[in-house]
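Below you'll find the structure, written out as structure tokens, and then a few comments.
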Amino acid sequence: MLRYAAISGTGMYVPDRIVTNEELSTFVDTSDEWIRSRTGIAERRIADSTETSVSMAVAAARTACERGGVDPSDLDLVIVATYTPDQHMPSVASLVQNELGALRAGAFDLNAACSGFVYALSVGSQFIRAGTAEKVLVVGADFVSRFLDFTDRSTCVLFGDGAGAAVLTASDEPAGLLAADLGSDGSAGQHLTLGGPERYVDLNGSNAVERAFMRMNGPEVYRFAVKVMGETATHAVHKAGLTFEDIDLFIPHQANLRIINAAAKRLELPREKVWVNVDRYGNTSNASVPICLVEAEADGVLSDGMNVVLVGFGGGLTWAAAVVRWTRGLLDD
Ligand SMILES: CC(C)(COP(=O)(O)OP(=O)(O)OC[C@H]1O[C@@H](n2cnc3c(N)ncnc32)[C@H](O)[C@@H]1OP(=O)(O)O)[C@@H](O)C(=O)NCCC(=O)NCCS
């Protein structure tokens, strides 16, 4: 019998600290008008010195486990999608596994930049569908503000910090991931980077000291994003054996309202089928899609039996789309 990986619980965490465009304009050469009109962003959350990618991931994961009725000690696997781990080793996932008390779970990080959560959802679902796991925790967490150069106004205004999580549970009914489309074009990787080591000593003993900052060719990434979002969403919907008529909600990576609107227009999706919260959080990278899932459900827009398309894109350059059948409330009973 076919097994499915139902999404049984979701959770999110964003830092308390809200940084509005006005506040940003006091130390960055920008304005509320420029940011709003070019990106749709009004404010973002910025983590403080007590917070880490791990702490945000743990907070989101705890909520997802509670809401999914899953005891962390029953998890078989923890996957954290992140490109801003607090350190290279141990992984964020291992530290999350420990903090949660997920004592039976394997754990690893996955880096596909802002496409990472959709990649991780696909990977975690495959473990369940193959019969090698029953319960999988998938988290997207990024502390991007640590890597922003606040003298680079074209990049630093776009991002915020946060985490989102989903618990996947084996099910015999069609639920969770129905199909996925993953892609990468490393030949264009230079357009979006978070560079090398902060301190490097080469074999001749000479030092190159450089802080790692996010660097971006905005217009190139913009063009790529609009094109790839429509293409990957279409591939995933076809792989699921569906058409866009069957899709109830479109949850795009929240990078820029203009990108979202352009992609939705290409797909001929009406505005009410497209979830948007980029105005309140900016681009939270791997947290963006799962935060949308939490908020869309809380808002009553996402309900049982719906087919949802999730789309990510980002550094790599990478892209990913997933078609998900939502059945969370059915599992609550
Ligand atoms: C970054 C982005 C908003 C820039 O918008 P844009 O309309 O393409 O703007 P441009 O880069 O052409 O810059 C236009 C002007 O605004 C200026 N500008 C850039 N950032 C600014 C800011 N924060 N405030 C004020 N002016 C700014 C530029 O210096 C430029 O000025 P110039 O014409 O005098 O040189 C847009 O390219 C974008 O969103 N790209 C995709 C980014 C993304 O999603 N990345 C993450 C992927 S996961």
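Ignoring everything except DSSP H segments at least 4 long, calculate the 222 nm mean residue ellipticity for the chain; use -39,500 (n - 2.57) per segment, divide by total residues, nearest 500.
-9500 deg cm²/dmol
Mind counting lysine pairs for me in the chain? Cα separation below 20 Å, and the two need to be 8 or more apart along the chain or on different chains.
Taking the chain as the scope, the lysine pair count is 4.
Give me T30, T232 ranked fewest to most by other Cβ atoms within 10 Å of their Cβ, as a rough exposure proxy.
T30, T232
Per the Kirkwood definition applied to all pairs of different Cα atoms, how many angstroms is the hydrodynamic radius of the range 178-332?
16.9
When the dipole is taken about the Cα centre of the range 234-333, and only Lys, Arg (+1) and Asp, Glu (-1) are charged at their Cβ, what size is it in debye, to the nearest 20?
In total the dipole reaches around 520 debye.
What ³J(HN,Hα) values, in whole Hz, does the Karplus curve 6.51 cos²θ - 1.76 cosθ + 1.60 give for the range 167-178 when θ = phi - 60°, with x put for Gly and Pro?
Listing the rounded values in order: 9, 9, 10, 4, 9, 8, 8, x, 7, x, 5, 9 Hz.
Which residue, V123, M89, G300, has the largest displacement toward the positive end of the dipole of the chain when charges sit on each Cβ (Lys, Arg +1; Asp, Glu -1)?
V123
Can you give the log10 of the normalised intensity I(q)/I(0) at q = 0.07, 0.14 Å⁻¹, computed with Debye over equal Cα scatterers of the chain?
Cα-only, vacuum Debye calculation for the chain: -0.26, -1.06.
Any read-out appearing in this document is the output of simple, stated calculations on the displayed coordinates, not a laboratory observation. These figures come from a predicted structure and were not determined experimentally. Every residue, glycine among them, receives a Cβ derived from its backbone with ideal geometry; neighbour counts consider all protein chains shown.
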